[in-house]
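**Q** Here it is, the structure in full.
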Amino acid sequence: MFEYAPAPESRSVVEIASSYGLFIDGSFDGGKDGNVFKTVNPATEEVLAEVTSAGPEDVDRAVAAARRASGPWSALPGSERAKYLFRIARIIQERSRELAVLESLDNGKPIKESRDVDLPLVAAHFFYYAGWADKLAYAGFGPDPRPLGVAAQVIPWNFPLLMLAWKVAPALATGNTVVLKPAETTPLSALFFADVCRQAELPAGVVNIVTGAGDTGAYLVAHPDVDKVAFTGSTDVGREIARTVAGTGKRLTLELGGKAANIVFDDAPIDQAVEGIVNGIFFNQGHVCCAGSRLLVQESVADELLSSLKRRMSTLRVGDPLDKNTDIGAINSAAQLSRIKELSEIGESEGAERWSPACSLPDRGFWFAPTIFTGVTQAHRIAREEIFGPVLSVLTFRTPDEAVAKANNTPYGLSAGIWTEKGSRILAVADQLRAGVVWANTFNKFDPASPFGGYKESGYGREGGRHGLEAYLA
Ligand code: NAD
């Protein structure tokens, strides 16, 4: 097998300050209660920066700034708002190398993913919604659709900048202003984005970024002066937010967890399916809400498929996220690593068979080898709970009906995959799957024009596409 020489991207392309304030009303300032927290590089445990923890008074200031900006921003003609969004999109493209390195440093994801997936999609989202800003009257929501006002947006750490783009771009295009809280382990690209807003001369208060942990998020979503709450994160926190918002008249969208089935039928091209399985569960270290974390393979091809999959997994390179050859980077935090370890140990103790390729992991940082479990039954916790790491649970089936029944046997309903040569089978099976997105002979494909969202405990509301506008219109 080839050994690749190290090909590290230079980390000096991006400047990281030693400390960051909050971005409120167009400028950075320190928090009122003086609390700070540190964000670390999960690949080395090195502290990257100290970040301000926003307290209630800070959130109040951010919401007030967004409220003041809301009238003038929503009164602008859509074509004027579009100019700002186009400008933001172009600046993101121009600064994408800096942003990709920053994202990989703070999150642990491989540079080839932040560079070739996250950043192009972030820019595409702003371009896409910029295009809608002056066409809202033709979007199917009435002749004069109005914005909601101030949107409180809380996002997770797995795609920090992409989740920001999914939230901020449609909100701004529709004439809303926002207060966004990034996740506490990955605040840096959102703070960089604040600088992009300044560079684009976005009017003060239209975008406000408050950093902090769950209590900052809880205070923000409960704030009486926000009109809309958009949350992406875990189902448990989503439930809590739904309770907070119930009965307040605030609009709510929730993008929560998943436990997607990736179904391989006996007529599927095995090599392509193996690539799709690897992409489905090992992309972004498996920190993907729509990851294909349950492989359902037809019994007659299970042995052949699993031996190909193991062979392919042995070629995955785990290590330095900044190395351009790296396939699997670092687990985002010590807390997430311990959850992955715990669930994997439970998988073993419940009787599933665990396998990982031989791979040496760095001494420092948070790492987990790509792992598959075979002999998994529907009763096993690793078949039911979201692991949110590079761990695949393999189950088998004999008939299409059994595949559908097993795929739908989950409290979640975010995504699914189907691998077969038969177009008619794709349509018949997709029709029966209770999942917001169904990929056929591919996996983890995203496009700003395509709506994304879940059923059941995966949440409600759609982001992306024309549907994504609706969540921000009265
Ligand atoms: P999390 O729910 O713990 O945190 C998400 C965000 O919510 C963070 O910014 C956090 O600070 C904030 N938060 C925590 N407690 C809060 C509270 N009580 N009120 C308001 N905000 C609060 O989730 P996580 O562990 O950071 O992210 C992983 C989860 O996100 C996974 O379950 C994954 O499936 C889900 N996710 C879903 C999607 C989707 O589109 N459906 C996308 C990415 C991630």
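The values are calculated or read from the model by the stated rules, or taken from the named source; none is laboratory data. Because the structure is a prediction, the values reported are computed rather than measured. Reconstructed Cβ throughout: ideal geometry from the backbone, glycine too, with neighbour counts over all protein chains shown.
Per-residue answers, yes or no, for (1) β-branched (V, I, T); (2) more than 14 Å from the ligand (Cβ to nearest atom); (3) surrounded by fewer than 22 Cβ atoms within 10 Å (Cβ to Cβ):
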{"position": "L161", "(1), (2), (3)": "no, no, no"}
{"position": "N176", "(1), (2), (3)": "no, yes, no"}
{"position": "P182", "(1), (2), (3)": "no, no, no"}
{"position": "C197", "(1), (2), (3)": "no, yes, no"}
{"position": "P203", "(1), (2), (3)": "no, yes, yes"}
{"position": "V207", "(1), (2), (3)": "yes, yes, no"}
{"position": "D215", "(1), (2), (3)": "no, no, yes"}
{"position": "R243", "(1), (2), (3)": "no, no, yes"}
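**Q** Same structure, new question: I want to confirm something. Restricting to the stretch 217-241 and keeping residues that are away from the ligand (no atom under 11 Å from the Cβ) and out of contact with any helix residue (DSSP H, G or I) (no Cβ under 7 Å at 6 or more places or on another chain), which single residue is nearest to S96 (Cα to Cα)?
**A** The residue in question is K228.
**Q** Related question: Checking the conditions here, which among N279, N284, N262 is under 17 Å from F446 (Cβ atoms) and within 13 Å of the ligand (Cβ to nearest atom)?
**A** Of the residues listed, the single one that is under 17 Å from F446 (Cβ atoms) and within 13 Å of the ligand (Cβ to nearest atom) is N284.
**Q** Which helices (runs of 4 or more DSSP H) does the stretch 371-474 wholly contain that include 3 or more residues that are away from the ligand (no atom under 16 Å from the Cβ)?
**A** Correct list: 400-408, 423-432.
Table: residues versus (1) away from the ligand (no atom under 14 Å from the Cβ); (2) modelled with pLDDT of 95 or more; (3) crowded, with 24+ Cβ neighbours inside 10 Å; (4) not in a loop (DSSP other than H, G, I, E, B).
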{"residue": "V274", "(1), (2), (3), (4)": "yes, yes, no, yes"}
{"residue": "S307", "(1), (2), (3), (4)": "yes, yes, no, yes"}
{"residue": "L316", "(1), (2), (3), (4)": "yes, yes, no, no"}
{"residue": "P321", "(1), (2), (3), (4)": "yes, yes, yes, no"}
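**Q** Taking interchain pairs and intrachain pairs at least six residues apart, which have beta carbon atoms under 6 angstrom, with the first residue in the stretch 234-247 and closer than 14 Å to G217 by Cβ and of a type in the set (V, I, T) and the second within 7 Å of the ligand (Cβ to nearest atom) and not in a loop (DSSP other than H, G, I, E, B)?
**A** I241/V221; I241/F231; T244/V221
**Q** Residue under question is S393, and the condition is that it be in contact (Cβ under 8 Å) with a residue 60 or more places away in the chain and either assigned by TED's automatic domain parsing to the domain that holds A352 or surrounded by fewer than 18 Cβ atoms within 10 Å (Cβ to Cβ) (or both); does it hold?
**A** Against the criterion (in contact (Cβ under 8 Å) with a residue 60 or more places away in the chain and either assigned by TED's automatic domain parsing to the domain that holds A352 or surrounded by fewer than 18 Cβ atoms within 10 Å (Cβ to Cβ) (or both)), S393 qualifies.
**Q** Confirm whether V207 is in the same structural domain as D58 (by TED's automatic domain parsing) and touching a Cys at 6+ places or on another chain (Cβ under 7 Å).
**A** yes
**Q** Take the conditions within 16 Å of the ligand (Cβ to nearest atom), under 24 Å from S18 (Cα atoms) and in contact with a Pro (Cβ under 6 Å, 6 or more places away or on another chain) and apply them to S114. Does it pass?
**A** no
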